[in-house]
Amino acid sequence: MPELATDVERLTLVIEIGGMPVRVHTTDPRFLAMLQDRYAGFVTSSEHAEITFDVDLTPPQGADPDAPVRVTHHKGRWTLERGDFRAEWEPASRTGWIRQTANPYSIDAVLRIVHTLVLARQGGFLLHSASAIRNGKAFLFAGVSEAGKTTISRLAPPDATLLTDEISYVRKQDSGYIAFGTPFTGELAKLGENVSAPVAALYLLAKGKENRIDPIPPGEAARSLLANLLFFAEDEDLVQAIFHSAFEFVSRVPVSRLTFVPDARVWELIG
Amino acid sequence: MSRLYMARNPRVAARSLDGEMMIMSSRDSTLFTLNRTATILWQAADGTTPLDEIVEHRIVPEFEVGPAEALQDAETLARELASHEILQISEQPILPRNPVAGESWAKGSTTGESR
């Protein structure tokens, strides 16, 4: 009797960002190779994973990556939706699935969202900021688009290790915070190094006619931090958690305004 | 003349930092920074102290303004805070929420300083 079905090989990849391994299953070897390339430096051989996603690839059909993100929680299950993907994740079982076309951007968005949800419960967050390690300490450079995140990253001296030029990964640990490298890139399109260090300072970027660091009032620091946090979920408990996390952060980490002209001497003030 | 009572919305997140009161709506993540008068109203909004007493004891002495004018301004401000779902206002004392009855906040449009 002829076989009615054939086994489909399931391919696996573990992507570890911020110390959190996420296993991805796919049946498409080309998609697997795409992910291995996209997350080079963040792919591990670890058997352990905090979350496992099955990726179901769909044919291209006018998906809109610019559509608004919707993240909702119902009966222990998160639903993540955008024009180009739909995903579900159940924290209790540590499993989920992603339905998307074969592109690296959709799963990148899913990973960012999932990390924000996990971090929010732990007092951490993803922040619109560049970050780098110098002399064993991590420095965050926050600002909206055009504020100078890419510029300050590009000007970093050889002894600075770039963690990201776009989205910083901040985890609360004991009485302080740790910044991790991320593969989430901005204009520099260069992956951060997969390393971490204690956060020594947060600088709010401003372009000016001289290089200088100015203190800012705590209230402005908290408002600016909140304005630069990545958070998508329509969930009251997590919104409250992330709000209080921002205040905790500014009470423990010095926050200043870094005004700079676009030249490398600004790094003389840092580290 | 009816009296106005105010209670804090338990579903907003609030923090005071260096004298500034900041409040975030849990529903849509809108961030509000309260001015001094709004902060006084927020702090005094226990659901049982009428607005005119709050004005008499907390606002008039601090701002050196006439009681009638202060009350009118405070009532306008209280209604604005209620429109943002920061406060609940009522002409009756507002008792603590009864989880069995499932008392809930009326939904209104929310605008203002956002993050």
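Couple of notes before you dig in:
- Here the relative contact order of chain A, from alpha carbon pairs under 8 Å that lie six or more residues apart, stands at 16 percent.
- Averaging over all projection directions, the Cα-based convex hull of the stretch B:1-55 occupies 4.3 nm² in the image plane.
- Distance between the C-alpha centres of the stretch B:1-51 and the stretch A:29-79: 41 Å, rounded to the whole angstrom.
- Straight-line cross-link partners of A:LYS172 among the lysines, defined as a Cα under 29 Å from its Cα and at least 8 positions apart when in the same chain: A:LYS75, A:LYS137, A:LYS149, A:LYS190.
- Folded to 0 to 90 degrees: helix A:104-122 orientation relative to chain A principal axis, Cα: 60 degrees
- Between A and B, roughly 1600 Å² of accessible area is buried in total, ligands, DNA and RNA not counted and the probe set to 1.4 Å.
- FRET efficiency, A:GLU146 to B:GLU56 (Cβ-Cβ, R0 56 Å, nearest 0.05): 0.65
- The stretch B:17-84: equivalent-ellipsoid semi-axes (sqrt of 5 x gyration tensor eigenvalues, Cα, Å): 22, 13, 11
- Our summary of shape: the Cα atoms of the stretch A:134-271 have principal axis extents of 43, 32, 28 Å, ordered from largest down, in whole angstrom.
- Overall form of the stretch A:64-114: prolate. Here a/c, set by the Cα gyration tensor axes a ≥ b ≥ c, is 1.5 or more, and a/b is the larger of a/b and b/c.
- Tail weight of P(r) past 21 Å, computed on alpha-carbon pairs of the stretch A:53-137, percent: 37 percent
- The 3J(HN,Hα) values that the Karplus relation (6.51, -1.76, 1.60; θ = phi - 60°) gives for the stretch A:34-44 are, in residue order, 4, 5, 4, 6, 4, 10, 3, x, 10, 8, 10 Hz. Gly and Pro appear as x.
- Solution diffusion estimate, µm²/s, Stokes-Einstein, the stretch A:32-188, Kirkwood Rh from C-alpha pairs, 4 °C, viscosity 1.567 mPa s: 76 µm²/s
- Fraction of the pair-distance distribution of the protein assembly as shown above 33 Å, Cα-Cα pairs, percent: 43 percent
- Dmax and Rg, reported as Rg then Dmax, of the stretch A:1-101 (C-alpha, Å): 15.2, 51
- Estimated dipole of chain A in Debye, rounded to 20 [Cβ of Lys and Arg +1, of Asp and Glu -1, Cα centre]: 780 debye
- For the stretch A:1-135: relative contact order, % (alpha-carbon pairs under 8 angstrom, 6 or more apart): 17 percent
- 1.4 Å probe accessible area per residue over the stretch A:2-91, in Å²: 58 Å²
- Portion, in percent, of the accessible area of the protein assembly as shown that falls on carbon or sulfur, probe 1.4 Å: 49 percent
The values are calculated or read from the model by the stated rules, or taken from the named source; none is laboratory data. Please read these numbers as outputs of a predicted model, since none were measured by experiment. We place every Cβ from the backbone using ideal geometry, glycine too, and count neighbours over all the protein chains shown. What goes into the accessible areas is simple: the full protein's heavy atoms, side chains included, and nothing from ligands, DNA or RNA. Shrake-Rupley method; radii C 1.70, N 1.55, O 1.52, S 1.80 Å.
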